[in-house]
Amino acid sequence: MKFYVTTPIYYVNDEPTVGHAYSTVACDVLARYHRLRGDDVLFTTGTDENALKVLRAAEAQGLAVRPFADKMADRFRQQWLALNIAYDDFIRTTAERHRRAVQRFFEGLYEKGDLYLGKYEGWYCVSDETYFREEELVDGRCPNPECAKKVEWMSEPAHFFRLSKYQQPLLDYIEQNPGWLLPEFRKNEVVNFIRGGLKDVCVSRRSEWGIPLPPSIPGSEGTVVYVWADALVNYLTCAGYPDDEERLQNYWPADVHVVGKDIFVRFHATLWPAMLMSAGLALPKRIVAHGWWTLGGKKISKSRGGAIPRPGPVRDMIMQETGCTAGRAVDALRYYILREVPFGQDGEFSEETLLVRYSDDLANDLGNLLHRLLPMIARYRQGRIPKPTDPDPDLHPAALAAVRGWEKAVEALDFRAGLAAIWGFLAAANRYIDHKAPWSLAKAGDDALLDHVLYSAAEAIRIAAVLIAPVMPDTASEIESQLGLRDWQRTWSQASEWGLLSEGQQTGRPVPLFPQAEPQKRAKTRARASAAASTPEETKMISIKEFQKLDLRVGEIVGAEAVPNADKLLKLTVDIGGEQRTMVAGIAVCYRPEELVGKKAVVVANLEPATIRGVRSEGMILAGSVEGDEKTVSIVAPERPLPNGARVS
Ligand code: MSP
C-alpha cells in the first residue's frame, strides 16, 4: 500500500522553532510507522520561498533574496537532519519542477473558466500573506489575533479564482466524507467559515518575486502567482505533477496533510480542495490540524522575538541536564512533543515538564526495564539469551494490547493515546519482573522458570523497541543492539510475534539508555515544573489517575452564617456522611445563609485545610458561574437524591 504524508512547507524568513518541528516530527512518525508496515511511503516537506515576507526578510539582512532563501532552506534541512527526520523529498518552491507544476495547474484553472481578470482593491497582511476584506479587519489591523500587524492597501489589476463556485460542492463533500477533516471540532469551524459565504479570491500579484503566471493567461505580464496558491501546489509537485503521470497515479491523492490550526480553515480545508476540484484532481484523503505549542500562552512564533525554543538548543539542553547522547536527546524531544498534549490542542512548552517526562517515562519506565534485565542475563546466563519459551500469559497479551492501542490511536492521529498504550505495556513488563523476581528464582535454583522469565522479559523489550521505533528511532536501534540483535531487519509485524530472540545470542554491553540527572537537580526540575503547571493554562490536561485523587462527595449544608468583615464569604457546616465539616465558600453574593440550610452540594473532601479570614475551612463546596460574572454563582448538586457522603466520580 502506498502512503503519502506531507508537512506544511515552511516560510524561510527565519529559522525553525519547536512549533515547526511539531508538524515535521508528527509526519516523520507516520512515515516511519508505515515504512515499518512495509508500505510504499512518500513523506515530503520543504520550504515556501516565494513570499513577500521572505523578500522583506532578505532585504532586512541586506541580502539578495535568492542566496538568502538558499541559506535558509539549508538551515531547515540541517535542523530536520538533526531531529532524525527521514523525509523522502524536500521541495523548495523556487525549484524549476515546482514552477512547471504551478504554471500547468494555473493553465488548468484558466481552461476550466475558474480564473478571471479583475481588479484587486483591498488589504493584505504580509506577515500572514493573506488578503482581507475591510470588514474582516480588527481595528484596521490583521484579524488574526496572534498577528494583529498593520495591513497594506493594495490596488491593482489581478486574477481571481472562482472560489464562490465551490461553496456548495465543498459543503457537500464535507458532509459526505466524515473523518476527512480532523479533529471534528475544527471541521465545524470550516463548515461555519464556508457557510459564512465564500468570495472569489485574488490569486495573482504584481511582483518580480514569485512564479510568473503562465503567458497563455491574458493579463499575466508582470504578475506572479499569489504565494498561497503557489505553496499549496507543492503537494502535487512532490507527487510528480505534471510531468510524471505514473508517479502521480501512484501517490496522489495524499493520504494525510498535517498542518497547524492556523492554516487549516482558510487554506487547507477550503482554498486547496476548491482548487483541486477545479483542476479535476482527487482531494487529499485526510487533512489534520494540530494545535500550537505556546510559550506564556502565546503561539511560539519566529516573528515574536525573545527566547524562542528551537530544536537544536532544546536538544543541547537535554544533553547538558542529563548527560545523555545527542540521539537520545533528540528522541526525548520527539517523545515529549507527541506525548505531552493531545494532538488537536495547544500545549505550553516547558523545559521542566520535558525533563520530568525524560526522568519518569524514559529513564524510569523504559530505560530501567532494559537496565535491570541485562545485568541479570549477564549474571545468571553469561550474557546469553536463554532458550525460547511459549508466550507468557502474564506478558504477551499486554504486548498485543499495546500494538492494537498504537495502531488504533495512530489511525485517529492520536499520538498521545498511542504512546500511552505503549507505556502501559512497559509498566506491565516492569511489574512482570517485580512479580516473577528472577533474583529469587536464581537463589532457589529454579533454572527452568528463571530461563522462562528472563527470556520473556527480553522478548518484551524487543517488542517495545519495535513499538517505539517510529517515535524514537535512535533508542530503538540502541535497544536492539544491547539485546545483541545484529543486522536486524525491523518490521511492524515483529511486534505481534513471540520468540524471535534466538537462544545463545550474546547480549551487548549494558549502557543506560537515559541517564538520570543527580537527585538534587531532578528535585529542582520537578519544583519548577509544578510551578509552571500551576500557572493558568487553558488546555492543561490531567490523567484519570490525577482526577481520581480528588475525594468528591455529596454533602448536606446543615448550617450557614456570614463571615464577619467578608462580604462574599459564608461559613457553612456540611454533613458529609457521619462527619460534619466547616467550609468557607465565596457564594454570599448569590445565596443567603438561611436558604442554604438543607441544600445538597458536591464537596471536595480531601482538600488541605486552610484558614480563611480566621475561619478554618476543611473542604470546598463546588459551584459554577459564568466567567467574570459573580452574580451567576450556582452550587453544584446531585441531579437526583443521594445520601450524604455518597462518592462523586
Ligand atoms: N508557508 C505556509 C504554509 C504553506 S503549506 C502549503 C506557512 N508557513 S509557516 O512557516 O508559518 O509554518 C506554518 C506551520 O508550522 C504551521 O501550520 C504549523 O504546522 C507549524 N507551526 C509553526 N509554529 C507553530 C507552533 N508554535 N505550534 C505548532 N505548530 C506551529 O504557514
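Could you list all residues from segment 8-23 that are among the β-branched types (Val, Ile, Thr) and either in contact with an Asp or Glu (Cβ under 7 Å, 6 or more places away or on another chain) or without any contact (Cβ under 8 Å) to a residue 24 or more places away in the chain (or both)? First the steps, then the outcome.
Taking segment 8-23 and keeping what is among the β-branched types (Val, Ile, Thr), we get 9, 12, 17-18.
Residues satisfying the conditions are Ile9, Val12.
Could you list, in sequence order, the residues of segment 473-505 that are among the charged types (D, E, K, R) and more than 16 Å from Ser456 (Cβ to Cβ)?
Asp474, Glu478, Glu480, Arg486, Asp487, Arg490
Is there a residue in segment 232-250 that is aliphatic (A, V, I, L, M), within 30 Å of Asn177 (Cα to Cα) and near the ligand (Cβ under 8 Å from one of its atoms)? Before you say what the answer is, go through the steps one by one.
Pass one, segment 232-250, residues aliphatic (A, V, I, L, M): 232-233, 236, 239, 248.
Among the residues that remain, those that are also within 30 Å of Asn177 (Cα to Cα) are: 232-233, 236, 239, 248.
With near the ligand (Cβ under 8 Å from one of its atoms) added as a condition, the list becomes 232.
Yes: one or more hits.
How do the pairs read when you match residues in segment 166-195 that are within 23 Å of Gly291 (Cα to Cα) with residues anywhere that are of a type in the set (S, T, N, Q), using Cβ under 8 Å and keeping only pairs 6 or more apart or on different chains? Between residues of segment 166-195 that are within 23 Å of Gly291 (Cα to Cα) and residues that are of a type in the set (S, T, N, Q), the close pairs are Val190/Thr270; Phe193/Thr270; Ile194/Gln167; Ile194/Thr270. For segment 278-320, taking the residues that are at pLDDT 95 or above and charged (D, E, K, R), the one that is farthest from the ligand (Cβ to nearest atom) is identified as Asp316.
Only one of the listed residues (Ala26, Ala82, Ala60, Ala51) is more than 13 Å from the ligand (Cβ to nearest atom) and either among the polar types (S, T, N, Q) or in contact (Cβ under 8 Å) with a residue 60 or more places away in the chain (or both). That residue is Ala82.
Among the residues that make up segment 607-619, is at least one of them out of contact with any helix residue (DSSP H, G or I) (no Cβ under 6 Å at 6 or more places or on another chain), of a type in the set (S, T, N, Q), under 30 Å from Gly424 (Cβ atoms) and not in a loop (DSSP other than H, G, I, E, B)? Within segment 607-619 (the criterion being out of contact with any helix residue (DSSP H, G or I) (no Cβ under 6 Å at 6 or more places or on another chain), of a type in the set (S, T, N, Q), under 30 Å from Gly424 (Cβ atoms) and not in a loop (DSSP other than H, G, I, E, B)), the answer is no, since none of the residues qualifies. Counting only residues that are charged (D, E, K, R), open to solvent by 30 Å² or more (accessible area, probe 1.4 Å) and closer than 30 Å to Ser301 by Cβ, segment 157-199 holds 5 of them. Listed by first and then second residue, the pairs linking a residue in segment 99-116 that is β-branched (Val, Ile, Thr) to a residue that is surrounded by 19 or more Cβ atoms within 10 Å (Cβ to Cβ), with Cβ atoms under 6 Å apart and 6 or more places separating them unless they lie on different chains, are Val102/Ile211; Val102/Val225; Val102/Asp230; Val102/Val233. Scanning segment 29-48 for residues that are under 13 Å from Tyr87 (Cβ atoms) and either within 14 Å of the ligand (Cβ to nearest atom) or among the hydrophobic types (A, V, I, L, M, F, W, C) (or both) yields Val29, Leu30, Ala31, Val41, Leu42, Phe43, Thr44, Thr45, Gly46, Thr47.
The conditions of being more than 21 Å from Ile479 (Cα to Cα), at pLDDT 95 or above and among the basic types (Lys, Arg) are met by Lys408. Contact map, segment 219-237: first residue under 20 Å from Leu163 (Cα atoms) and assigned by TED's automatic domain parsing to the domain that holds Arg92, second residue within 11 Å of the ligand (Cβ to nearest atom) and open to solvent by 10 Å² or more (accessible area, probe 1.4 Å), Cβ cut-off under 6 Å, separation 6 or more or different chains; pairs are Trp228/Phe267; Ala231/Ile9; Asn234/Ile9. Does Arg416 qualify as being under 21 Å from Ala402 (Cβ atoms), in contact (Cβ under 8 Å) with a residue 24 or more places away in the chain and open to solvent by 60 Å² or more (accessible area, probe 1.4 Å)? Yes.
The values are calculated or read from the model by the stated rules, or taken from the named source; none is laboratory data. It should be emphasised that the depicted structure is a prediction, and the values quoted were computed from it without experimental measurement. Note that we place each Cβ from the backbone using ideal geometry, even for glycine, and neighbour counts take in every protein chain shown. Calculation scope for accessible area: heavy atoms of the full protein, side chains included, ligands and nucleic acids excluded. Shrake-Rupley method; radii C 1.70, N 1.55, O 1.52, S 1.80 Å.
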